[in-house]
Each structure stands twice: as C-alpha cells, then as structure tokens.
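As structure tokens, the structure follows; a few thoughts come after it.
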Number of protein chains: 4
Amino acid sequence: MIRMNFGITLQYEVIGQPADFILNIHAANTPHQTVVTEDFSISQSVPVDMYEEPFYGTRFARFKANAGPITVRYNATVDIDAYIAEPSTLRESPIAEIPQAILHYVYPSRYCQSDRLHKFAAREFGQWAPGFSRVQAIAEWIRQRTVFESGASKGTTSAVDTLIEQAGVCRDFAHLMIALCRAVNIPARFATGIDYGAAPELGACDFHAYVEVYLSGRWYIIDPSGISPPQGLIRLGTGRDAADVAFATIFGQVNSWAPTVFIDAVNDPANGYEMPVRNNLAVSTQA
Amino acid sequence: MIRMNFGITLQYEVIGQPADFILNIHAANTPHQTVVTEDFSISQSVPVDMYEEPFYGTRFARFKANAGPITVRYNATVDIDAYIAEPSTLRESPIAEIPQAILHYVYPSRYCQSDRLHKFAAREFGQWAPGFSRVQAIAEWIRQRTVFESGASKGTTSAVDTLIEQAGVCRDFAHLMIALCRAVNIPARFATGIDYGAAPELGACDFHAYVEVYLSGRWYIIDPSGISPPQGLIRLGTGRDAADVAFATIFGQVNSWAPTVFIDAVNDPANGYEMPVRNNLAVSTQA
Amino acid sequence: MIRMNFGITLQYEVIGQPADFILNIHAANTPHQTVVTEDFSISQSVPVDMYEEPFYGTRFARFKANAGPITVRYNATVDIDAYIAEPSTLRESPIAEIPQAILHYVYPSRYCQSDRLHKFAAREFGQWAPGFSRVQAIAEWIRQRTVFESGASKGTTSAVDTLIEQAGVCRDFAHLMIALCRAVNIPARFATGIDYGAAPELGACDFHAYVEVYLSGRWYIIDPSGISPPQGLIRLGTGRDAADVAFATIFGQVNSWAPTVFIDAVNDPANGYEMPVRNNLAVSTQA
Amino acid sequence: MIRMNFGITLQYEVIGQPADFILNIHAANTPHQTVVTEDFSISQSVPVDMYEEPFYGTRFARFKANAGPITVRYNATVDIDAYIAEPSTLRESPIAEIPQAILHYVYPSRYCQSDRLHKFAAREFGQWAPGFSRVQAIAEWIRQRTVFESGASKGTTSAVDTLIEQAGVCRDFAHLMIALCRAVNIPARFATGIDYGAAPELGACDFHAYVEVYLSGRWYIIDPSGISPPQGLIRLGTGRDAADVAFATIFGQVNSWAPTVFIDAVNDPANGYEMPVRNNLAVSTQA
C-alpha cells in the first residue's frame, strides 16, 4: 500500500464578466485509490457543483466565479492499493475479445490520430511479440526519439506533430504513445495525475499525464515520459485524451498563474505504507 | 408518426486471414425510434456478437469473417415518433446548466477540432442571437461556403480541412458544423443514419451523417448538408464524431464494394403514418 | 525622399562546435533604396562572405563563428525614393500578362498554401472589383479577423493556421495575405524590413514582415498588420515567404538573445527629406 | 549517350470562359540534354507564348484556350549525355561552401517542410557517413517505409503527410526525400520528367517526379520511388518542389482526361546510342 499527501493551489484573476470553471483536481475514487481525507476550498463564496463520472471515478468541480481574484486549494491524503502483475503473463486481446465498451479506446481521438498511423505503426511495431513487452518497447521507442522540452508544444499539439517534431512535454509523450498503441489495435487511454518522483527540474509536469493500456482484461499504467514510478501516480482524471480531462476548463476571460503542487509519500512500513519505487512489474490501478 | 422500411447490403471479400468486422447498420433503439421488424443475415456461418450501447441505443454487430466473399444484409421497418418543438422556444444552455455527462460534447474530438476555432467562431457567430436560429444560421453559413463534392475528402479529413478547402460530403459538413457549434459552447454530436429524401444524384450519402445540438435540455437534429427532412432520418449511430460510429470498422484485409441501400416511407395517414416532410419545426428524436 | 538611420544588434553564444551564420540584416540595394553609409561588425575575427542576390538586391552575410559569445552590429543610413501611384489607376494583370519570371509568386510556398485556399478566396474576394482596392480590402479583412498576439505562433506556423486560429504576429499576417492574394491569382511576395513607426508596445516586430503585390507591372507594398506607413519600411529581404529571408539562419547550436533595433527618420524638408507618413497612395519601392 | 523518343498527348474540355494554360511538357534545354527534334501542336488556333527559364532550361508554353475541346501534342527526340561519377568520390558540402544561389534548396518549401523535420532527420540519418551513400540510404529508407499507391495522396499532400501515412506516388516519394535531405542540410530539389523503364503497372507515373541532390558541386539524380534508371529520365522541369513545375497549371474551368505518354530508347550502339541501364554510378545531367 502507498499513502501519499498532496496539495494543489490554483490562482486566477477573472476579468470583467463571471467565468465558468470546471476543475478536475480532486483525486479520483476508484477500487484501487481511496481518498482518506481531503479539503477543497475556493476563495470566493460561490456554490460548487461536484460530479463524479460513474465509470472511472473522475471528479469534476464546477462553479461560476465572479470578476476579481480567485484562489482554489485542494489537499488530500490518498491510499493506493495497486494490482500488480508479472509482465510476462499479460497478453493483448484479439479484437473479438475486447469488450464493446472498451473498443472506442482503439479509435482515434482529438490528439491521437491513430487512423493516420496504421501503416507506420504496423511497420515499426507489427513484428514485435505482443504483450506488455511490446507496450514497453513502444514507450522506449518514443523516449529515444522525443526530447522533453517545455514550450515545444502548445494546447493544440497532437500525436502526429510530436512524432514529426520529436519534442514535447508529458502530455505529448502520452498522446503519441496512445496513438501508436491504438494504431496496432491495443486499447489505450489518457490519465492525469500528480506524480511522486518527478524530477524537480521538470516543473512543467507537476500535473502529470500518462497512459493506460488494456491487457488481459485490465488497464495497466505506462509512463512514456519515464518520469514517475507507476505506483507513485495519484489519479485525477481518465479519458480518451487531454480533451476529456483538462485539469481546468475555463469559459470566460481570466489571467492565470502557474499552479503550485506538492506531494509526499508516507514512509511507514510498520503500518503497511511503502514508498513508491520503480520496478519491473506491471501496475494496474483500475480494472 | 413516420414508418419507414429500409435495407442495406454490404459486400466484402476477406483476403487471406480471417477479419474482424464491427458493423453499425442496425436501427438504434431509442424512446423515439422503434424497430417494428428487422432481419439481419450474413452469408458466412459465423457467430455474431450483438451489443447495444446503453445511452443512445446504438447497436453494433461484431463477427469474425473467414477468407472469401461475405455478404451482409439488414432490412427493417422502423417507426419514428419525433418530439417536435417550436424553434423560437429553444434556448442554448449556459455552461453552468449543461449536465456533466453532456459536457464532453462541447470538447474537441478527432475530426472536430473546436479548440482551434474559438476565435473564428466567436467572430463569425458570437454576435448572433443564441438559440435554434443561431444553429440554423451556422448550418446555412456552412452550406453557402461548402461544395458537396464526392471525392473531395477522405477518411482522415477533418473540420478544419473542410473549413479551409470548402468541399466535402455529408460527413464533412457534419464535422464542420459540430466543430463550429462546440467552438461557441453549444454541445453538438454526430449521428449516422439512412435518409429518406436523399436526392438520387447524391448517391455517396446513402449512409448519411448529420448533427444533433443540445438545446433546452434535448438533442435537436440539424442536417448541414441540407439533404434530408429531419424526420426522414433513421438513426443508426450516435457519437462524438465519425471515429465513434463508422458503419463498418474492419480489422484485417478485405476488398469492399459500394454498399447498396434502399429506403421507403409508408404513406398511410388513415393509420397514422405520415410522409416525412421538410418544415420549419425543430425535431428531436433523442432526449 | 525619406532618409532613415537604423541599427541592429544581435547577440549569440555559440556552444561547442563552430556554427554557420547566414544573416540578412543589411539594407537591400534597389533602384529605390540607396545605402548612403553603413557599418557592419562582428565581435569575432572571422571572414565574412557577402552575397547580393541579383534580382532584388537582398544581401546576405555568411560566416562561421567559433564557440563562445558573438555580437553582430549593423548600422546604416538609407535613402528611400519611392514610386508613388494613385491607387485607382492600378490594375491586376490577367494571367496571360504576368511575366513568366513573376508567375511563381502566384504559386504556393512553404507558409502560404494558396493551393488549399482557391475556393475560400474566390468566395470571399472573387466578387470584389479587382485592383488595389481589392488588395486593400483583403488586408482589411485580415486585420478585422486576426489578433496581433506575441507568442500565438511559432516558426512553423503557416497561413492556414493563422486563418483558422486568427492570431499571430506580423509574419503571420503577411503569410496569410500572400496566400489569399495568390489564391485569387494576384502575385504576392514576402518582404522583411525595419519599420519606422512601429508602436513601441509591438516590440516583437522590430524586424518587420510585410507584403508586396504585383499590379500594373510593379510591386506595391501592403502591410496587413497595419503597423507601418509603407514609406517608412527599410527593405532587408525579398522572397516567396519567410523560408527565403529569415534575418538569421543558423546551422549549429547557439543561445540567442532578443535583437535590439533602432530607427530614426531625418526630418529635414529643406534638404528634401520628409518624414514617412501614412496616406492613401500606393507605394512601390521595387519595380 | 542515350537517345530517346517520347510523346505526350493532353486532352481537355474548356468550359464556358477561355482558360489560361501554362504547360511544362517540353524537354528542357540543358548542357547534358539536347533536343534533336521536337514538334508541339495545339488543336485550337491560339498564339502560344514560349518561355525558357534561364538557369535550368525549363520551358513553359502559355496560351489562352477557348471554350470547347482542346488537344495538345508534344513529340521529341532527345539526346542525354550524362556526367557520370564514382559515388564514393562525392561529398556533401559544408554550409560554408554551398553557393548562395543554391542555399535556398536547403530551405523548406510548400510540400517539403524540412523545418519541422530537423530532429527527426538528425536522429535517423545524422550518424550515417556523409556523401552519396547517405543519400542512397535515405532513398532506401523511404522505399522500405512507403507504399506506392495510386490515389493515396492528392495535390495538397506534403512530405510530412507521406512520412506519417506511408503511402503515395512518385511525387510524394520525391517530396519526402527532398524534405529529409534538406533537414540534414543537403541541398535537394524536385525534377519532373518522362521515365524510360516505368513498369507499365505504374501507369500513374507516366509523368515522373524525382530528386536531385547537390554533392561535390553538382546535382545528382536520385529516384526514391526506384522506378527508373537515372539515365532514362528525360527532364521537363526543375524546381523547389511540385509547386514550381506542374506539367499543367490551368486557370479556368476545364474537364481533363488522363494524359497519354510514350517513350522509346534508341538501341544503336554502332552510332553511340546505348540503352539506359540501372547501375551503381552517380548520374548528373545538370551542373
């Protein structure tokens, strides 16, 4: 079991008219991730509408903020009880066995144009032995070809752009990984989180983006940017790609400041809390 | 009430290895569309896995076909009992009132890059009075600027391509409409169907693609290609864009022939069956 | 006659290996622009290869810089004796009358994909009366739809991107103008310069980019960003688009600082030197 | 010496208004290619304006055709006296030694966006030994990854599209080759021609597109589609990419039919005319 404490502070200035905010900064509720305590506060006194997406436990806070400054704070303690598998036991599902509700994770999405990449992916990865090793090899292939570079991409950058220009941030690594997996018919999706273990020099990835692939009937975590040990990822949102789970979607005119984020892991083996470590096992935190 | 009979015949030749087919050619089951009779047959004797998507009643038939020729036939009689509204009564929902489960229809998707079009759409449509009239005006704006031209687009063509190159088929009109609506924060989605009233010279649109927009708590039909009276549309699939509801998704190598499709409306007013006609009312066939 | 003094200072740090520099910061030599005095210096003692392009007088300085800091300074006094025409007298050339050597300015180039915009441009501008007024109207159309916004674009941004996303800097305005003019068969090209009159808040445009269109057998200046009076533009380079006339093309690894630029106009009517002013005349500084 | 006879027939129907044609179907005049006899005829009696581009001998025929059918025929006998080099002797020019007039062939152009491919090309090809062998290896790299497929591309398809989608025709192979060469600073350009040796099943490439790279002070031929022995290529046009040297640029509304093309080589060793053969030498037909 891993226990982590984390906190997020967001600061905005709403200009002129009230603005609608939809935030996805709460820790998700999943069978493998339990929110032990949490505290959410907004500096303006406005009603907040909370919503929990029924399949993946992604939680959204929606409110209308008035003109002027607004600060949002969220702090939580979260327990993660991952499902761990031996990588060599995991297999890719034939199309005929992928549940229909999961099939759309094989289809292209806004930032993951797998429909354009079928020939490319088949040629690069089609001959590799299927399974978790192939997924890891795709992640490694991306890491070898892509420079982690703040400012190399923008909000509209897609997997195809990253494949061509070979530079980006965690979100771009994730989109490219998803697109390439889907192009060889492996269901893949996008997750956002806070990552224990991000090197401090990679500050742009405080909010982290990573990938899940569907193998042997479960979703397993892959972080193509290589930043985080999979068990050190607190899940915020799960979706097809970044279009689904932006940490903040804002309708209206605002100025914003860089978010501040902290995260700590509880080192208390006597009570069953281990530190997140990097190992060679396959980690799933969502069935 | 509208009663229509329609039929679809698909022909393929599977080459070498067996191929997985996922077809979306069954009429959807919705509160407003009732399948009275139907018949589905495949020329190969293989098991078919049927699946009905729980929210919109989209139905998928999945099977693995063996090498060699395969013919798929679907015939059905369908009753459509549309909800009709006076257009002037429909209003756009403020962001704060859009149900969370519908919000992702405001976000960009594979072929509808609304994230790139916010300034464009705000400038063109931002000053128009909100409501159904604005939606109709966006459809008209597209029709005036886009040539219906078979072969002008391909499977990877997106809304941005169509906006720039101003030519395409029904699917392209629909994607552009969806992208522009989302860019002004109107939830919009993609539907496929068989359309009564397609001019015979527009044969490429036997399988039709059209749009639904969310107004006053319901989804209303808009056909930006202007081909069909909204009540003459038999719904097959509903999704974010064409990535979700291709009529045929095939994994494997096949040759294919153009589908053949027929549709007839029952003209029997004595028993309550009217012909689909074009009028100025707003038509919804899905809450 | 206009006399202007201007100066440019560029600062780089060459890292590791020597780097090749090709600079286009010298004032062009043209029949309408005379370099009265100039001074070019580099802080490293390396040989400089000067080249003057024979048609438009664009001048390039090429040198190989060694590892370490390097500062480049260019100062000049330039006289501009523009050809002035009454806009209403200028006409567009029918294709049959455009000289062959100029025809490629009707064709698409890297950042000006006019081949994709024929239908778009024909629909928007095809019905307008041809001539300088149409060109001015295209510039005005762009200005009304595009936000001048530093950071909205990057080096690979093209006219199609700017048309869709409606934000950019002077270079983007110029590329969009060129693409739209070519799409209605008006030869158009890209020029770079230093602009007298740039509002100080638009500091990003110290190096300015503007457009020339070919009418009645001459190239006339249009600045779609609206920043500069045409006679206040000192010409550095002329090309199909920014791919031809970057102010600095560098092969190798360097750090760079923002260039510093100054420009002054000589106000000395007694000696024939007027200040550049904005008026309604058409200005040509290159036949 | 190679002597070839070839002929081209183009057929159009001009609709409504007269249309301007600019054809590049004449054999180029170059120091290595001599037009022995030629015959050009148009079925309409309209004046033809011939133009020969001064650097590369590309020839253009321009005329205004009236409404109705028009047939254009060109037949020629051409001698090609190629410059042959031992590939191992050819070296890439350092930037400092590339003549300024040739430098723009290192810059990106409409269909060859080398500016986006620097990291990609450096990673794939940066470690290979420079020279003709590297150029051949790039061509081979493309051939291994790209399917020759009629209809896979259209007129607006670019090198980046082909790199991603891995299918195209000769023009697409050429654009990708040019973009990748430029991205590693090898000047590269586009040539069109009629190719002796095209397999008949590749009918779409009657008009062929190929590449020239600049090595050791000369332009050498590379055909990345692998269709033609380099000496069996009759040169029509030379440019940055297809934007410069379309075989037909038409302003106006026309219907067109597929061109018909024939080519024969004279097998007359007694008089010094050899057949074009595929060998391992480097072939240049333009200094």
Item to complete: Could you list all residues from segment C:8-30 that are within 17 Å of the chain's Cα centre (by Cα) and away from every other protein chain (no Cβ under 14 Å)?
Response: C:Ile8, C:Ile25, C:Ala27, C:Ala28, C:Asn29, C:Thr30
Worksheet entry | Failed condition for C:Arg218, given (1) within 30 Å of D:Lys119 (Cα to Cα); (2) surrounded by fewer than 22 Cβ atoms within 10 Å (Cβ to Cβ); (3) among the basic types (Lys, Arg) | (1)
Worksheet item: In segment B:115-131, what count of residues is obtained for those that are among the small types (Gly, Ala, Ser), more than 14 Å from B:Leu176 (Cα to Cα) and either buried (at least 16 other Cβ atoms within 10 Å of the Cβ) or free of Cβ contacts under 8 Å to residues at least 24 places away in the same chain (or both)?
Response: 2
Item to complete: Can you give me the number of residues within segment D:85-138 that are within 30 Å of C:Ser114 (Cβ to Cβ) and among the hydrophobic types (A, V, I, L, M, F, W, C)?
Response: 10
Worksheet item: Which of (1) away from chain D (no Cβ under 14 Å); (2) part of a helix (DSSP H, G or I); (3) over 23 Å from A:Ala246 (Cβ atoms) does A:Tyr105 not meet, given it meets every other one?
Response: (3)
Worksheet item: Got a number for residues in segment A:40-93 being over 19 Å from A:Phe247 (Cβ atoms), more than 24 Å from the chain's Cα centre (by Cα), touching a residue at least 24 places away in the same chain (Cβ under 8 Å) and within 14 Å of chain B (Cβ to nearest Cβ)?
Response: 1
Discussion item. Which count do you get for residues in segment D:36-50 that are surrounded by fewer than 16 Cβ atoms within 10 Å (Cβ to Cβ) and part of a strand (DSSP E or B)?
Written reply: 7
Practice prompt. Restrict the check to segment D:206-223 and report whether at least one residue is assigned by TED's automatic domain parsing to the domain that holds D:Phe60, farther than 24 Å from D:Phe132 by Cβ and aromatic (Phe, Trp, Tyr).
Written response: no
Worksheet item: When you go through (1) in a loop (DSSP other than H, G, I, E, B); (2) in contact with an Asp or Glu (Cβ under 6 Å, 6 or more places away or on another chain); (3) not assigned by TED's automatic domain parsing to the domain that holds B:Ala122 one by one for B:Pro276, which number turns out not to apply?
Response: (2)
Practice prompt. Taking D:Ile186 as the residue in question, decide whether it is buried (at least 16 other Cβ atoms within 10 Å of the Cβ), more than 19 Å from D:Glu92 (Cβ to Cβ) and either without any contact (Cβ under 8 Å) to a residue 40 or more places away in the chain or not assigned by TED's automatic domain parsing to the domain that holds D:Asn29 (or both).
Written response: no
Response to the item:
Going through segment D:121-160 in order, the residues found to be touching a Lys or Arg at 6+ places or on another chain (Cβ under 8 Å), hydrophobic (A, V, I, L, M, F, W, C) and over 17 Å from B:Lys154 (Cβ atoms) are D:Phe125, D:Trp128
Practice prompt. Report the residue count in segment B:146-167 for those that are without any contact (Cβ under 8 Å) to a residue 24 or more places away in the chain and away from every other protein chain (no Cβ under 11 Å).
Written response: 0
Discussion item. Looking at the structure I just gave you, is B:Ala96 within 14 Å of chain C (Cβ to nearest Cβ) and closer than 27 Å to A:Asn66 by Cβ?
Written reply: no
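Each row is one residue, and each column tells you yes or no for (1) closer than 13 Å to D:Ala191 by Cβ; (2) over 14 Å from the mean Cα position of the chain (by Cα).
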| position | (1), (2) |
| --- | --- |
| D:Val211 | yes, no |
| D:Arg218 | no, yes |
| D:Ile227 | no, no |
| D:Gly237 | yes, no |
| D:Phe251 | no, yes |
| D:Ser256 | no, yes |
Item to complete: State the number of residues belonging to segment A:5-21 that are farther than 15 Å from A:Phe207 by Cβ and not in a loop (DSSP other than H, G, I, E, B).
Response: 7
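Could you list all residues from segment D:20-35 that are surrounded by fewer than 21 Cβ atoms within 10 Å (Cβ to Cβ), of a type outside the set (Val, Ile, Thr) and touching a strand residue (DSSP E or B) at 6+ places or on another chain (Cβ under 6 Å)?
The answer is D:Asp20, and nothing else.
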Worksheet, complete the sentence: Selection from segment A:142-185 of residues at pLDDT 95 or above and among the basic types (Lys, Arg) yields A:Arg143, A:Arg145, A:Arg171, A:Arg182
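Yes/no per residue for (1) touching a Cys at 6+ places or on another chain (Cβ under 7 Å); (2) of a type in the set (Val, Ile, Thr); (3) surrounded by fewer than 18 Cβ atoms within 10 Å (Cβ to Cβ):
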| position | (1), (2), (3) |
| --- | --- |
| B:Ser133 | no, no, yes |
| B:Ile138 | yes, yes, no |
| B:Gln144 | no, no, yes |
| B:Asp161 | no, no, no |
Response to the item:
Exception for C:Thr77 within (1) hydroxyl-bearing (Ser, Thr, Tyr); (2) at pLDDT 95 or above; (3) outside any strand (DSSP E or B) falls at (3)
Discussion item. Anything in segment C:113-145 that is of a type in the set (Lys, Arg) and within 9 Å of another protein chain (Cβ to nearest Cβ)? List them, or say none.
Written reply: C:Arg116, C:Lys119, C:Arg123, C:Arg145
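The values are calculated or read from the model by the stated rules, or taken from the named source; none is laboratory data. Bear in mind the structure is a predicted one, so any value in this text is a computation, not a measurement. Neighbour counts are summed over all protein chains in view; Cβ atoms, including those assigned to glycine, are modelled from backbone coordinates with ideal geometry.
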